[in-house]
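*Asks:* Shown below is the structure under consideration.
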């Protein structure tokens, strides 16, 4: 201790120090800016159409609390086990981990969480019954998700579908080698557990009237997806060995015994074309993909195209069919023309233009058309549709009172993950509608549903992170079945992660924009003004001593703190 | 063990033998091979230390200050602009009474950009409270680094060990590298009396009001006075162990010398050759080499130079608008002599920015002073002449 009245130099310490000034001096009075804990949107969640709270779940997994992570993931998303398998995971495309060893394998972690939450005990709690009834038309991913969220909100929900089992395109359009059917069945069983009632084999407009639905239910959500196929519009297309891709895929996946010719040309470059080609290969038919643009413009999920190539399926690119050649009643060839790419069209992709005199023949015994799908909406009254699309506004509402829309029939995003996100947002809007609240001008972003405070206006990219705290750790390999072994069965191609792999991978996550209690702020605060909350997540900043230096904000590795001006 | 080492290698060997625990440094020519050498030793496990890579010299010294405050023996090294960038923390390290050792390879300050030797960088840090030792050989470098820790840790003041760019930093010499066991006996582990204590948390370097500040500064100054005797004592002790004694200054052929050259660092070793040659000619000349510049050994300087006829101070530095810095210091020390004991004093500024100072130069300076050809208090040696100094100062060329 320093003597308060030193008489000689010996009474003074060697240099100045104080064991009480930190507390006595109220440095908080100096500040004109102050730090505040503010979670922001990580780049992954910013790009996640389904609205998964990825960073928070990663932190929970990194701590080994897989149950909490699973509960969080299923809070608004009923299909993680399915999505982990079929989603093209845009989240990974801008993962800030990319330059420190490769993007986090988010889809593998979602798949694991999905698979390990197939028991009832991790389901969210259902809200108090509201007495309101909602009809959902279409038991695909958009309909299932809307129904799940509305049921959780306490509404009574019935889902109508013309197929014998719910699942929509997940069941009829996605082969088992990508999504085993028992996984889908288990997820749908959970949706039933929260109170959703599925009414199968019931086509609205045929087995039940649309008007009747509007009468019996307080709101209707139409989410029927795209199941009509567009014709090629070329001679010979009416031959019985020219198949509709959507229907053929559905038949193959249903395990129907089919007597198909071989080889077959699959015309198109979307997911249906690729799924049909890969499925044909597995039932002993020799497929070939014919697409009028180049690989770059293919709308199919790139990884799925890679798999098809790996499995040895040939691609005839920049090629458009002009005629199905039939001899003696049999398809013998597909006459095609070579194409070249011109200026970009309204889709932003370069328009294919035929090369004069380039006709050639591809010898095939059958043709599958998969050049795009349309919605079948005859049952929807006129102002509710716009051509073959649903007439949905940015609030997901149609001009018909109490009728809302979601999924591909409305927005045509073309992925299961987008359908799930739209289902969540539609549910939020319908919930507001049923509560008699005024609807916003547009459905809020899906992350609004998160049960934590996040500044959705700020996305955390690499520039917002403090890279001093991150070292390179490589992305783990993802194991797949050998291509040679795949062609004889519909067994799942991609192997899942083990629990150990999942935790290790979650620990690689930088947890962008999300406080994970790393304590850097507390360690660096020169005024000892940051205190860990006892038994509660997070920290408190002691305003009397925080002088607004901003060191905590600077040293936060993940941009979970912000500096704000002090209003006097 | 005998090794062929350049000055930078000798620094690294000294730091290794002193068992520095934290090295926090940023590279700069001509210092770089010091920290490369240390980084290699740490990587190979020859030195058990944390090597902290930083983004600037300011942070390099900040790292040392933090680690030393926690009780670790620390080291850093730099040159010229790097030392200048450290300046704020140079003061802090001394005021916090942290016995950090820093090697500065003398390099001229920019602009004009230069990587060659010049003492202005280290002498610009004269008033910071650091001790400064100017070395003339790789052997002296390795020995001085170890001695610096011993003195610093007793008086709780940091030391700058200084060596000339290239003439010393990059010149290989035969060096006797002491055995670790011997050094361990000479230099005990650091036990910093005011190191951080987790059981008694405190804010370090906090606000001091005018009624106390001066007292802390007085304690620093007293510690410098204490260090004067300690450098001599530690230099003698080293001599008993190794046969190589050191003092605050080195006197060469000073018996009956009427003309004395005062200088520091590698120029002194060149000067010995010239002194020998002039003695052969029958001219009574001697050499006084300044080794420890802070604390300044004023008594020894007075005793060595009092009563001589002529003294020439050679500065490889300049305090613009006045003299060479060593010249000023010598002159102020001599003022305390009685008038009749005061020698005729001439200052020569030479060798700035790495210009060679050859035996012929030294011979010429000494002869010019002795024979009355240099009459001005300060002479810039061997520079282009000015036809009109005022015009030359402003001319655009």
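*Asks:* Quick one: work out the % antiparallel among DSSP beta bridges in region A:263-370, nearest 5.
*Replies:* Working: 15 of 25 bridges.
That works out to approximately 60 percent antiparallel.
*Asks:* Can I ask one more? So how many Å³ per residue does the convex hull of the Cα atoms of chain A work out to? Please list the in-between numbers first.
*Replies:* Working: hull volume 111.3 nm³, N = 568.
So the per-residue hull volume is 196 Å³.
*Asks:* Could you sort the peptides A:414-420, A:451-457, A:228-234, A:342-348 by per-residue average Cβ neighbour count (10 Å cutoff), highest mean leading?
*Replies:* Numbers: A:414-420: 25.9, A:451-457: 12.4, A:228-234: 15.6, A:342-348: 8.6.
The peptides rank, most packed first, as A:414-420, A:228-234, A:451-457, A:342-348.
*Asks:* Determine, for each peptide in A:498-505, B:231-238, the mean count of other beta carbons within 10 angstrom over its residues, then list the peptides with the highest first. Mind showing how you got there, number by number?
*Replies:* On the way: A:498-505: 15.9, B:231-238: 18.2.
Descending mean neighbour count gives B:231-238, A:498-505.
*Asks:* Sticking with this one: Taking neighbour Cβ counts within 10 Å as the exposure measure, how do A:429, A:371, B:23, A:144 sort from fewest upward? Mind showing how you got there, number by number?
*Replies:* Details: A:429 23, A:371 20, B:23 28, A:144 31.
In increasing order of surrounding Cβ atoms, one gets A:371, A:429, B:23, A:144.
*Asks:* In addition: Need the C-alpha centroid separation for region A:198-254 versus region A:34-109, integer Å.
*Replies:* So the separation of the two Cα centres works out to 34 Å.
*Asks:* Relative to the longest principal Cα axis of chain A, at what angle does helix A:271-282 sit, 0 to 90 degrees, rounded to 10?
*Replies:* Compared with the principal axis, the helix lies near 70 degrees.
*Asks:* Here's another thing I want to ask about it. Which angle between 0 and 90 degrees, to the nearest 10, do you get for helix A:181-193 versus the longest principal axis of chain A when only C-alpha atoms count?
*Replies:* Taking the Cα atoms of chain A, the angle to A:181-193 is about 60 degrees.
*Asks:* With the Cα gyration tensor of region A:141-277 in hand, give its eigenvalues times 5 under a square root as the equivalent ellipsoid semi-axes, listed largest first in whole angstrom.
*Replies:* Details: eigenvalues 210, 68, 29 Å².
Working through the eigenvalues yields semi-axes of 32, 18, 12 Å.
*Asks:* Can you give the % of DSSP beta bridges in the protein assembly as shown that are antiparallel, to the nearest 5?
*Replies:* Details: 42 of 113 bridges.
Approximately 35 percent, going by the DSSP bridge assignments.
*Asks:* I've got another one for you. Gain in length, residue A:544 to residue A:309, computed as 0.36 nm per residue apart minus the alpha-carbon separation, to one decimal in nm? Can you show the working numbers first?
*Replies:* On the way: separation 235, 0.36 × 235 = 84.60 nm, distance 6.45 nm.
Once the chain is fully extended between residue A:544 and residue A:309, it gains 78.2 nm.
*Asks:* Based on the Cβ-Cβ distance from residue A:478 to residue B:126, what FRET efficiency comes out when R0 is 56 Å, to the nearest 0.05?
*Replies:* Numbers: r = 64 Å, r/R0 = 1.14.
Efficiency for this residue pair is about 0.30.
*Asks:* In addition: Report the convex hull volume per residue for region A:278-325, counting only C-alpha atoms, in Å³.
*Replies:* 86 Å³
*Asks:* So if we plug the beta-carbon distance of residue A:488 and residue B:209 into 1/(1 + (r/R0)^6) with R0 = 60 Å, what FRET efficiency do we get, rounded to 0.05?
*Replies:* 0.10
*Asks:* Now for a separate question. Go ahead and set up a Gaussian network model of chain B, Cα springs under 10 Å, then flag whichever of B:298, B:60, B:265 fluctuates most.
*Replies:* Judging by the Gaussian network model, the answer is B:298.
*Asks:* Taking Cα pairs under 8 Å and at least six residues apart, what relative contact order does chain A come out at, in percent? Can you show the working numbers first?
*Replies:* Details: 1198 pairs, mean separation 131.6, N = 568.
Once divided by the residue count of chain A, the mean separation gives 23 percent.
*Asks:* State, to one decimal in nm, how far the label point of residue B:391 lies from the label point of residue A:130, with both points 7 Å from Cα in the Cβ direction.
*Replies:* Distance between label points: 9.6 nm.
*Asks:* Just checking the output field for A:21-33: average partner chain Cβ neighbours within 10 Å of each residue's Cβ?
*Replies:* Details: counts 4, 4, 1, 0, 3, 0, 0, 0, 0, 0, 0, 0, 0.
Per residue, the average neighbour count from other chains is 1.
*Asks:* Suppose we keep just the alpha-carbon trace of chain B; what are its Rg and Dmax in angstrom?
*Replies:* Values for chain B (Cα only, Rg and Dmax): 21.2, 70 Å.
*Asks:* Here's something else I'd like to know. Quick check on region B:251-390: of the DSSP beta bridges with both residues there, what percent are antiparallel, nearest 5%? Walk me through the numbers on the way to the answer.
*Replies:* Working: 2 of 21 bridges.
Within region B:251-390, antiparallel bridges account for around 10 percent of the total.
*Asks:* If the chain between residue A:536 and residue A:504 were fully stretched, how many nm would it gain, using 0.36 nm times the residue separation less the Cα-Cα distance? Please list the in-between numbers first.
*Replies:* On the way: separation 32, 0.36 × 32 = 11.52 nm, distance 2.52 nm.
Working it through step by step, the gained length comes to 9.0 nm.
*Asks:* Other chains' Cβ within 10 Å of B:201-207 residues: what's the mean? Mind showing how you got there, number by number?
*Replies:* Numbers: counts 3, 8, 12, 4, 4, 9, 4.
Taking all residues of B:201-207 together, the mean is 6.
*Asks:* Pick from B:295, B:193, B:178 the residue whose mean-square fluctuation is largest in a GNM of chain B, springs joining Cα atoms under 10 Å.
*Replies:* Top of the fluctuation ranking is B:193.
*Asks:* Under 10 Å, Cα contacts only: if you run a Gaussian network model on chain B, which one of B:289, B:19, B:44 comes out with the highest mean-square fluctuation?
*Replies:* Of B:289, B:19, B:44, the most mobile in the Gaussian network model is B:44.
*Asks:* Radius of gyration and Dmax for the protein assembly as shown's Cα atoms, expressed in Å?
*Replies:* 41.7, 134
*Asks:* Counting only other chains, and only Cβ atoms inside 10 Å, what mean value do you get across the residues of A:7-14? It would help to have the intermediate numbers written out before the result.
*Replies:* Details: counts 0, 1, 5, 1, 1, 6, 6, 11.
Per residue, the average neighbour count from other chains is 4.
*Asks:* Find how many whole Å separate the alpha carbon centroid of region A:359-431 from the alpha carbon centroid of region A:433-449.
*Replies:* 21 Å
*Asks:* Could you line up A:537, B:326, B:75 from fewest to most neighbouring Cβ atoms inside 10 Å?
*Replies:* Details: A:537 10, B:326 22, B:75 31.
Fewest to most other Cβ atoms nearby, the residues stand as A:537, B:326, B:75.
*Asks:* For residue B:280 and residue B:298 in one chain, what is 0.36 nm times their gap in residues minus the Cα-Cα distance, to one decimal in nm?
*Replies:* Between residue B:280 and residue B:298, full extension yields 3.4 nm more.
*Asks:* Efficiency by 1/(1 + (r/R0)^6): what FRET value for residue B:44 and residue B:202, r their Cβ-Cβ distance, R0 = 45 Å, to the nearest 0.05?
*Replies:* Working: r = 38 Å, r/R0 = 0.84.
Plugging the Cβ-Cβ distance into 1/(1 + (r/R0)^6) gives 0.75.
*Asks:* Could you tell me the distance between the Cα centroids of region B:29-93 and region A:128-181, to the nearest Å?
*Replies:* Spelled out, the Cα-based centre of one part sits 65 Å from the other.
*Asks:* With each label point set 7 Å from Cα along the Cα-Cβ vector, what nm distance links residue A:518 and residue A:26?
*Replies:* The modelled label-to-label distance comes out at 3.4 nm.
Values quoted throughout were computed directly from the atomic coordinates according to the rules given, and no laboratory measurement underlies them. Bear in mind that the values here come from a model prediction, so they are computed numbers and not experimental data. No Cβ is skipped: glycine too gets one built from the backbone with ideal geometry, and neighbour counts run over all protein chains shown.
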